[in-house]
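**Q** There's a structure below that I have some questions on.
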Amino acid sequence: MVIYTVTTHTGKTLLSGTTSLIYIQLRGSEAESEEKNLNPLKGFLPGSERTFKINCKASLGELISVKLYSKPFMHLDNQWFCDKILVNTPEGDEILFPCYCWLDCNEKLVLRPAKALLVFEDTNPIAQRERMKQLEEQQKLFRWRVYAEGTPQVIDCDASYDLPAEVRFSFTKESDFYYTAAKQIAALKLTGLADSRESWKSISQLEGIFCENRGKTIEYVQEHWDKDKFFGYQFLNGLNPMLIQRCSKLPENFPVTDDMVKDSLIGSSLKQEMKKGNIFLSDYKMLDGLVGNVVVGRQQYLTAPLVLLYCNPHGMMLPIAIQLKQEPSKENPIFLPTDSKADWKLAKIFVRNAEFGVHEVDFHLLRTHLLAEVFTMATLRNLPSPHPLYKLLFPHIRYTLQINILARNRLISEDGAITLYAGVGGESLVKLLKRATASLTYSALCLPENISERGLESVPHFYYRDDGMKLWNIINKFVAAFLSHYYQSDEHVQKDTELQRWISEIFTKGFLGRDGSGIPSSLQTVTELVKFVTMVIFTASAQHASVNNGQFDLGGWMPNYPTALRNPPPKVKGQTTEDSILETLPDVGTTVNGMAVLRLLSKDSADHFPLGYFPETLYDEDVPCKLIKEFQKDLKELSDLIEGRNKKLELPYIYLNPKNVDNSVAI
Ligand code: FE2
């Protein structure tokens, strides 16, 4: 007779415990134990550890899996959230079996040991069968669905609480509950204004609706929103630092002359300044031809502006010309800072509205949320739990499916807040999403290449780039060390059939098999693998934080980020007044609903963990544990560096401080 000692660790969060009957069975290379009922007399309390003895006639051999099974007790069936199981063998080994998921009644879970193994290293025939069975089951649970032709595929699931137990974590129906604009409006204490169709009487009237919701950044935005310096600054360090690029030749459809910009360039010419690398362009051509949404019965207007910017000798990025539509014509004037104050202000407001569409649909929804969902699905369907890449990506897929399902149900559905209140909502949103998907490239998702493609290496005061590049390098160093430990040669990458199916599915389901995207359809070398995985983690963590976390801070002050505009862009100069600006900006109700959505989107997620801090014990090997510690140390150093720099800034750039970056797309 030999004895195995089993210790169960129940999750700490509310409702993790259970009174259901839990059965366990150990499976080894030589034999399996009897099924043992673990709780004849008491249930499992949240945060508790319980130890049991399992007697076997002889050693089970090398332990391959632990099977958990749950049955209702006295008709009470409640789920159990198990963190991990530790098994002490008669041979004196302690083996960790990570779990970190819910076990539903009448369901079973098969846990594999923590030691990471590639498919060709997991050679025991029972282990191989378990591995295959796990993937077969995962592929039945997580099925792809076409959301809209020409856009990345999504999970085939309609409600976040219908998601399989594997990815439910502690996400609750309560989180769902708060994911509504109405709840946020109530939290902002603005319920009485949500249906008002009146125009604002003045810009300063808006101040009244902030009450206690006014943070330091909002105050700054309120004060500076119509200043050219802040308008230019936001192309580098605002919600969307992704559009601006160096301009060495004016686009043919943007006929700005030297005469137009002579006051801005102070004695210099466009040609000279372009040569010095001081001229920049933000082109919203992706919006060209899209028709504005109808908001509460009223047509809204979208433009596709071109903005020319000048980085002046003080290193300030300033707008010097704005054309609101792509086709140059007499009725599409080029607005200049020397025009009347109201003309110039309104032109900038149209640009900020175009920014809302491009930022939210392309750079936020598509390039972070939808891509993160593709990475999540491919990981769950193709990598079994002992796979080292599954373990590496596990913290970076948390809650992504939940939050995307909520966004589809509550924001962009037929009665979703974006569809109801955004100028770009409805049909135009889907069109824009398709255009954005068709133009998406691998290099645009890899920050070092993206910065050099846009010619932004030496632009001063570009904190998104400065912090982002450091963060990219830290993630890359960690990923390289981690993956090279498990993939000791390129041949290992090539013969990892699970990995090859993973990347192939990302290529076909996420990037629609488009070779022009530059996304690999297979991986041949460790170097290629490391670069791709760095991009995946950077996208789900840093990139999402940079385009997500400031939405209320920078967009809450409506004139800086109007969700919809009620009048068409001006065809001539000299007719805009402060009143016509108020007539064009969203009405009171649309403003309040827009603010509510932005607040909801920038709220901290239910239980969030900063980048590099992983609540789950997934490893018991020295190398990954040591690498995680080094990763955390590097992140802490960067955090200190950013905080030191920020002390000297008028407006601190906080969005890529690792402390403020979540591991995953979770909001
Ligand atoms: Fe987000």
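The values are calculated or read from the model by the stated rules, or taken from the named source; none is laboratory data. All values derive from a computational prediction rather than experimental measurement. Note that each Cβ is placed from the backbone with ideal geometry, even for glycine, and that neighbours are counted across all protein chains shown. Side chains are part of the model used for accessible areas, which takes the heavy atoms of the whole protein and leaves out ligands, DNA and RNA. Shrake-Rupley method; radii C 1.70, N 1.55, O 1.52, S 1.80 Å.
**Q** Scan (1) modelled with pLDDT under 95; (2) crowded, with 21+ Cβ neighbours inside 10 Å for the single condition Tyr310 breaks and write down its number.
**A** In the conditions (1) modelled with pLDDT under 95; (2) crowded, with 21+ Cβ neighbours inside 10 Å, Tyr310 misses (1) alone.
So that you can scan it fast, the table gives a plain yes or no per residue for (1) open to solvent by less than 30 Å² (accessible area, probe 1.4 Å); (2) modelled with pLDDT under 80; (3) in contact with a Pro (Cβ under 7 Å, 6 or more places away or on another chain):
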{"position": "Tyr147", "(1), (2), (3)": "no, no, no"}
{"position": "Ile155", "(1), (2), (3)": "yes, no, no"}
{"position": "Ser160", "(1), (2), (3)": "yes, no, no"}
{"position": "Ala181", "(1), (2), (3)": "yes, yes, no"}
{"position": "Leu193", "(1), (2), (3)": "no, no, no"}
{"position": "Trp200", "(1), (2), (3)": "yes, no, no"}
{"position": "Gly208", "(1), (2), (3)": "no, yes, no"}
{"position": "Glu219", "(1), (2), (3)": "no, no, no"}
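**Q** For the condition closer than 20 Å to Tyr23 by Cα and touching a Gly at 6+ places or on another chain (Cβ under 8 Å), what is the one hit in Leu76, Leu109, Leu63, Leu96?
**A** That would be Leu63, the only listed residue that is closer than 20 Å to Tyr23 by Cα and touching a Gly at 6+ places or on another chain (Cβ under 8 Å).
**Q** Filter the range 633-663 for residues that are out of contact with any Gly (no Cβ under 6 Å at 6 or more places or on another chain) and aromatic (Phe, Trp, Tyr) and give the result.
**A** Tyr653
**Q** Same structure again: Which one of these is in a loop (DSSP other than H, G, I, E, B), away from the ligand (no atom under 16 Å from the Cβ) and open to solvent by less than 10 Å² (accessible area, probe 1.4 Å): Gly425, Gly455? Even if it seems obvious, please write down each step before you answer.
**A** Numbers: Gly455 fails: open to solvent by less than 10 Å² (accessible area, probe 1.4 Å).
Going through Gly425, Gly455 in turn, the sole match is Gly425.
**Q** Let me ask something additional. I want to confirm something. Restricting to the range 502-542 and keeping residues that are among the hydroxyl-bearing types (Ser, Thr, Tyr) and touching a Phe, Trp or Tyr at 6+ places or on another chain (Cβ under 6 Å), which single residue is farthest from Ser443 (Cα to Cα)?
**A** Of all residues in the range 502-542, those among the hydroxyl-bearing types (Ser, Thr, Tyr) come to 504, 508, 517, 521-522, 525, 527, 534, 539, 541.
Filter once more, so that each one left must be touching a Phe, Trp or Tyr at 6+ places or on another chain (Cβ under 6 Å): 517, 521.
Numbers: Ser517: 8, Ser521: 15 Å.
My answer is Ser521.
**Q** Another question about this same structure. Only one of Asp283, Asp259 is acidic (Asp, Glu) and under 34 Å from the mean Cα position of the chain (by Cα); which?
**A** Every option except Asp283 fails the conditions.
**Q** Could I ask something else about it? Can you tell me which residue is farthest from the ligand (Cβ to nearest atom) among those in the range 512-549 that are within 19 Å of Thr376 (Cα to Cα), small (Gly, Ala, Ser) and not in a helix (DSSP H, G or I)?
**A** Checked the range 512-549; the qualifying residue farthest from the ligand (Cβ to nearest atom) is Ser522.
**Q** Could you please let me know if Ser580 is open to solvent by 10 Å² or more (accessible area, probe 1.4 Å) and within 16 Å of the ligand (Cβ to nearest atom)?
**A** Answer is no for this residue.
**Q** Only one of Ser48, Ser65, Ser29, Ser59 is touching a residue at least 24 places away in the same chain (Cβ under 8 Å), in contact with a helix residue (DSSP H, G or I) (Cβ under 8 Å, 6 or more places away or on another chain) and surrounded by fewer than 18 Cβ atoms within 10 Å (Cβ to Cβ); which?
**A** Just one listed residue meets the conditions, Ser29.
**Q** With the requirement that a residue be more than 16 Å from the ligand (Cβ to nearest atom) and either free of Cβ contacts under 8 Å to residues at least 12 places away in the same chain or of a type in the set (A, V, I, L, M) (or both), what does the range 391-414 give you?
**A** Scanning the range 391-414 gives Leu392, Leu393, Ser413, Glu414.
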